[in-house]
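J.: Here's a structure for you.
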Amino acid sequence: MANNNRGSFSSKFGAIAAIAGSAVGLGNIWKFPYVAGENGGAAFLLIYIGITLLISIPVLLAEFSIGRHGQGNAFRSFVNMTGKKGWGAIGILELLGAIFVLASYCVIAGWSLEYIMRSVMGGFHGMTQTQMDVQFDMFVASGWRPIVWMVVFLIINSGVLGMGVTKGIERCSKFMIPALFCILVMLAGVNLWQPGFQEGAAFILKPNWSAVSGHTVLAALGQSFFSLSIGMAAMITYGSYIQRQESLNGVGVIVSLATVLMAILAGLAIFPSVFSYGIEPTKGADLVFKTLPPLFAELPGGYFISILFFILLFFAALTTSLSIMESLVAFFSEELHIKRVWALAIGFAIILISSTLCAMSQMPDSHILVGGETLFDWTDKFCSAYILPLGGLACVILVGWFVPHHVVEHELTSSGKTPLWIYKFIVFMMKYICPVVIIILLVNCILDYFGVDMIAALMSLIH
Ligand code: PFF
């Protein structure tokens, strides 16, 4: 059953770096700080941390357990864990999600490469917001340029993966995650002297309980799952590389807290500048590629700050993309019984095609639309709203209800080293609480699709 020739993370730090590398991505840098700010700052952070500890970590541990016990790619681990091929369908669904997420991720990572180059070639000093808007929109609409950068990014990604799990993924993450942390600390440090520092820090760190509603909890839940790369094959695949003697609980908690810390630092690196110029905070591509560059250029050492910021974005995207592409590589190499390099070639081809379509869907008059949206926007929304919760739900149900207790206990107590009550608590959450909470999230996403606000509907029922 187990394939002993598979790679593995050689140390606990290596495992944590690689898994944190998957978790800390664009979601943490350009989305989390904004969502936190809009939803009550520290109030949101507290809810987020609570949800992460109580709900997301059990789901993450279910994925790790399936991977480590199943000792295979996302599909094979489900089959090995249950002895039934049918469960493998969930693995396939997660792998499809991985393809969708990576398709748009590579395009954005390509943008970060373009902006590293633009920063190096002279920066954004003196540019107005309108000029930045036009420049970015023209770049994205040009079609071929984002595609070239996306291909460059894919080549870098494949270069790292080609070196294998230990020498490629682990070594790269061991360098990039501390580097990412240092860049964030530096950027936040420079912002300390900004006139808008207090306002920026208050935006994400001051509790505002009046902004908290049912939507806040759902936003925290969705963000927490996305941040921890749940439901899209990556954590099952990486779980299969964690060595037996490592504590899954320890790895899960450290990675989750590191992810929150990085997101807070990202907020402190971004929002003081935004508030110093009296600009409304935004999120996503607009924030990173339009709003921030000219603001950073005004900071002391602005030329270098812009370069560092886009390197940060590139590192975050690269370590995340490694986990997603690795899920595909492990799947093709193990299921087709081919060498890693050929599996990588197949993964490369699939992502090349899907990312090219995503990039092209953003060109003016593009017909690459799904449900009226560009393919680029649709992939992200579809995965976050449906595949992610479905994948997570299947994992907790499987581990909580179907896998024999001694197997789960063995995985989650590190063969008896972790106190039994912790294990019992995690299993209780997996069995009863996580499924209910995830189903609520899923129903909310489905209702949202039909334009129904679930929280508002519930409130009107109660009153
Ligand atoms: N955790 C990543 C982020 O926050 O940007 C997103 C992600 C990565 C989602 C890998 C899913 C995945 F499989």
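J.: Return the lysines within reach of Lys85: Cα separation strictly under 30 angstrom, same-chain partners fewer than 8 residues apart disregarded; answer none if there are no such residues.
T.: Lys339, Lys381, Lys424, Lys431
J.: Pairs of Cα atoms under 8 Å, at least six residues apart: use those to get the relative contact order of the chain, whole percent.
T.: Result for the chain is 32 percent.
J.: How about the range 253-304: which chymotrypsin sites (Phe, Trp or Tyr not before Pro) there are in a DSSP loop, with at most 15 other Cβ atoms within 10 Å of their Cβ?
T.: Tyr277
J.: Identify the trypsin sites (Lys or Arg not before Pro) of the range 250-357 meeting these criteria: DSSP loop state and at most 13 other C-beta atoms within 10 Å of the C-beta.
T.: Lys339
J.: On a 0 to 90° scale, report how tilted helix 57-70 is relative to the longest principal axis of the chain, with both axes built from alpha carbons and the result rounded to the nearest 10.
T.: 50 degrees
J.: Here's something else I'd like to know. Give me the lysines in straight-line cross-link reach of Lys206: C-alpha distance below 21 Å, same-chain residues under 8 apart excluded.
T.: Within reach: Lys31, Lys283.
J.: Quickly estimate the mean residue ellipticity at 222 nm for the chain, helices only: each DSSP H run with n ≥ 4 gives -39500 (n - 2.57), and the total goes over all residues, rounded to 500.
T.: Value at 222 nm, helices only, nearest 500: -22500 deg cm²/dmol.
J.: Near Ile19, within a Cβ-to-Cβ distance under 13 Å, what is the net charge of the other residues, with Lys and Arg +1 and Asp and Glu -1?
T.: Local net charge: -1.
J.: While we're here: When the chain is fully extended, how far beyond the present Cα-Cα distance does Arg145 get from Ala457, taking 0.36 nm per residue of separation?
T.: Contour length minus Cα-Cα distance gives 107.8 nm.
Only the coordinates and a few stated rules stand behind these numbers; no lab work does. Please read all numbers here as calculations on a predicted model, not as lab measurements. Cβ sites come from the backbone with ideal geometry, for glycine too, and all protein chains shown count toward neighbours.
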